[in-house]
Each structure stands twice: as C-alpha cells, then as structure tokens.
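The values are calculated or read from the model by the stated rules, or taken from the named source; none is laboratory data. Every value quoted in this text rests on a predicted model; they were computed, and no experiment measured them. FYI the Cβ positions are ideal-geometry reconstructions off the backbone, even for glycines, and counts take in every protein chain you see. Remember, those area values only see protein heavy atoms, side chains included, never the ligands or the DNA or RNA. Shrake-Rupley method; radii C 1.70, N 1.55, O 1.52, S 1.80 Å.
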Amino acid sequence: LQSISFANTSTGAPSTEPFTYLWDFGDGNTATTRSASNVYQTGGSYTVTMTIRNNAGITASFSKVITVKPAPSVSFTNGLVCSGSATPFNNTSVGATSNVWEFILGNTVEATQTTSNASYSFLTGDTTYTIRLTSTNTDGCSNSASRQVYVFPRPVADFSTSSHCLGTKAPLTNA
C-alpha cells in the first residue's frame, strides 16, 4: 500500500479567503486540507473530487479519474534458522517480477540477493536478524514484507577418551 499525494493548484481572489477544501478520493475516504494524500487499499479506477469554498460560500469542484495500479502481495516462509547452516527462504509473493532480499543484523545489511527464493548462512547464533523481501511488478509498483528470525546457536559435539585395551570398556568423557 502506498500513499498517493494530491497537490492542490486551485486559485481564488485573496479578498475571498479563507478557503475551505473537501477532497473525496472515490474510495470512501475524505480530507479537508489544502493538499492531501490517500492510501488506496486495492488497485482500480477512482474518481477524485476536490471542492474549494470561499468565505462567501461560493464553491468550485474539479474531478479527475485516476488509476491505482496494484502492488505485489509480498510474503515468504522459512524453517528453523541455525547458525552455520544455509537456511532457505521461500518467496510466496503474488504478482512480483523482481525481488530483493535483505539480511539485516542490527542496522547493518549483511547481504542482499536478487533471486526469487533465497538461501543464507547466518554466522552469528543466539541473535535476531531481520529479513526483508521487496518485490516489484511490471508496472513498477513495489511492496515489502519483513520478519525477525531468531538464529539458534549450533551445539558443539565433542568427547574425549583415554587409551583402552581390546576387550575392555572404553571410558568416554563428554568434553
């Protein structure tokens, strides 16, 4: 969803100020500011009407049909994230033709990928990363989805043993 801005270029005689404004965005939303913006929930054609009224009560209106192009619906899935292992990220977005994956630790983008699906090996365990997928469609409209993932630290397997003789039990010690 993107905010669309509308610049009011109406004019009137200074002697008839102050002016009041009413915007009707064609989707049930309105505004009363000189210039305005609106967030359309779905793509389609909308008739936007701006009405100006001067201090004498005289009004003028201007309408224009706009086309709001839909942005892709962005989403992705992933499994358990463990440090030191490649984790696959499955792009489940609809309507996208290009994608950018960002793997973020704190405020630092550690890596980017421009594939439909991604795979990333997290080096730092016991921490939280932000994964952001930004997708764009053929109209140039884009949308993004972000998720925080906890990176589990990989356990370390180890043991030690002393020398032992054939036919005897070998003592093992968990290191």
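Annotations for the structure displayed:
- Computed log₁₀ I(q)/I(0) - Debye formula, equal Cα scatterers, no solvent, the chain, q 0.11 Å⁻¹: -0.71
- Ordering LYS169, LYS64 by accessible surface, largest first, gives LYS169, LYS64; the 1.4 Å probe counts only protein heavy atoms, with every chain in place.
- SER146-SER63 FRET efficiency (beta carbon distance; Förster radius 25 Å; 0.05 resolution): 0.10
- Here the label points at GLN2 and SER119, each 7 Å from Cα along the C-beta direction, are separated by 3.3 nm in the simple model.
- Gap separating the Cα centres of segment 129-175 and segment 27-76, nearest whole Å: 50 Å
- Extension gain, THR32-SER163: 0.36 nm per intervening residue step, less the Cα-Cα distance, totals 38.5 nm.
- Accessible area per residue was computed with a 1.4 Å probe on protein heavy atoms; TYR46 scores about 30 Å².
- Over segment 19-136, accessible surface divided per residue gives 54 Å², non-protein components excluded, 1.4 Å probe.
- Separation of the GLN41 and LEU105 label points, Cα + 7 Å toward Cβ, nm: 4.1 nm
- Highest-fluctuation residue, GLY125, GLY79, GLY28 considered, GNM on the chain with Cα pairs under 10 Å: GLY28
- Percent accessible area from carbon and sulfur atoms, the chain, protein chains only, probe 1.4 Å: 53 percent
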